[in-house]
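First comes the structure, then the notes that go with it.
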């Protein structure tokens, strides 16, 4: 490799992307070695592809397992760079592939903020869609979420699992996010595809404070999932004594008869879709 590129800390893959050798990257990606090697500025090949608008290379890198949210030394992700450049197609692709627009750089600015500051209205529209609201709720990014909701972003958006922003905030224990979403009028009793309410998920997440917020706002303490599990059943199954005691004090009861099997989310304690 040329000493010039070595001085930058570039790998062969960095060089191939920098010189738009797209066909070579697409045909022989495995031959380039690790996908997330960083140059001296902390940039991965995906950063270069996104910054240069090479959407084919960027897509194949993400599809092949490159870290879509890797941060360079300045804290910027590939999505941030695409948003800063006004590259709407790249932004759309990265969002569709699951890149997180709420990640802030070393100066506290996310892809959303940089697109707003640069006046990239089309990109702002993409970053204000419902799935972005869900991401902000999951990460507990109160300020960004509030900004999205004030701009009219879809507060009741559901993903393929039936998860809303309220569900994501509840299972993560983000009680302040839960409170704010309720102030914006989200559906308190909305259920996911398995019939879980936000209260079921707050219990599963183990946050007594979040459970208390939901119950104080009128959440049904005896709501049943599709398999007949109540919040109290979930709490006792997971061994959350404090939550169980609180729910009982608010009139919660166990289902009768009890569910024939555990809800699938409890069988693996997963919900990895919001982790």
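The values are calculated or read from the model by the stated rules, or taken from the named source; none is laboratory data. Here the structure is a predicted model, which is why all the values come from computation and not from measurement. Here the Cβ positions follow ideal geometry from the backbone for every residue, glycine too, while neighbour counts run over all protein chains shown.
Conditions (1) under 16 Å from residue 72 (Cα atoms); (2) under 28 Å from the mean Cα position of the chain (by Cα); (3) in a loop (DSSP other than H, G, I, E, B); (4) not assigned by TED's automatic domain parsing to the domain that holds residue 71, marked per residue:
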| site | (1), (2), (3), (4) |
| --- | --- |
| 27 | no, no, no, no |
| 37 | yes, yes, yes, no |
| 40 | yes, no, yes, no |
| 46 | yes, yes, no, no |
| 50 | yes, yes, no, no |
| 53 | no, yes, yes, no |
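Filtered by the rule that a residue be in contact with a helix residue (DSSP H, G or I) (Cβ under 7 Å, 6 or more places away or on another chain) and assigned to a helix (DSSP H, G or I), the stretch 86-113 gives 88, 89, 90, 91, 92, 93, 94, 95, 111, 112. Criterion applied to 209, 204, 183, 189 was being assigned by TED's automatic domain parsing to the domain that holds residue 237 and free of Cβ contacts under 8 Å to residues at least 24 places away in the same chain, and the one residue passing it is 183.
Select from the stretch 133-169 the residues that are part of a helix (DSSP H, G or I), over 14 Å from the mean Cα position of the chain (by Cα) and in contact (Cβ under 8 Å) with a residue 12 or more places away in the chain and write down the one among them that is surrounded by the most Cβ atoms within 10 Å (Cβ to Cβ).
For the stretch 133-169, the residue satisfying everything is 148.
Criterion applied to 116, 21 was being closer than 30 Å to residue 149 by Cα and without any contact (Cβ under 8 Å) to a residue 24 or more places away in the chain, and the one residue passing it is 116. Can we say residue 196 is touching a helix residue (DSSP H, G or I) at 6+ places or on another chain (Cβ under 6 Å) and surrounded by 16 or more Cβ atoms within 10 Å (Cβ to Cβ)? No. Inclusion of residue 247 among residues that are over 26 Å from the mean Cα position of the chain (by Cα), in contact (Cβ under 8 Å) with a residue 40 or more places away in the chain and buried (at least 22 other Cβ atoms within 10 Å of the Cβ) is warranted.
Going by the structure shown, is residue 67 in a loop (DSSP other than H, G, I, E, B), touching a helix residue (DSSP H, G or I) at 6+ places or on another chain (Cβ under 7 Å) and free of Cβ contacts under 8 Å to residues at least 40 places away in the same chain? In short, no. Are any residues in the stretch 55-80 modelled with pLDDT of 95 or more and either surrounded by 24 or more Cβ atoms within 10 Å (Cβ to Cβ) or over 21 Å from the mean Cα position of the chain (by Cα) (or both), and if so, which ones? Listed by number, the residues that qualify are 73, 74, 76, 77, 78, 79, 80.
Here residue 135 fits the description: in contact with a helix residue (DSSP H, G or I) (Cβ under 9 Å, 6 or more places away or on another chain) and outside the structural domain of residue 63 (by TED's automatic domain parsing).
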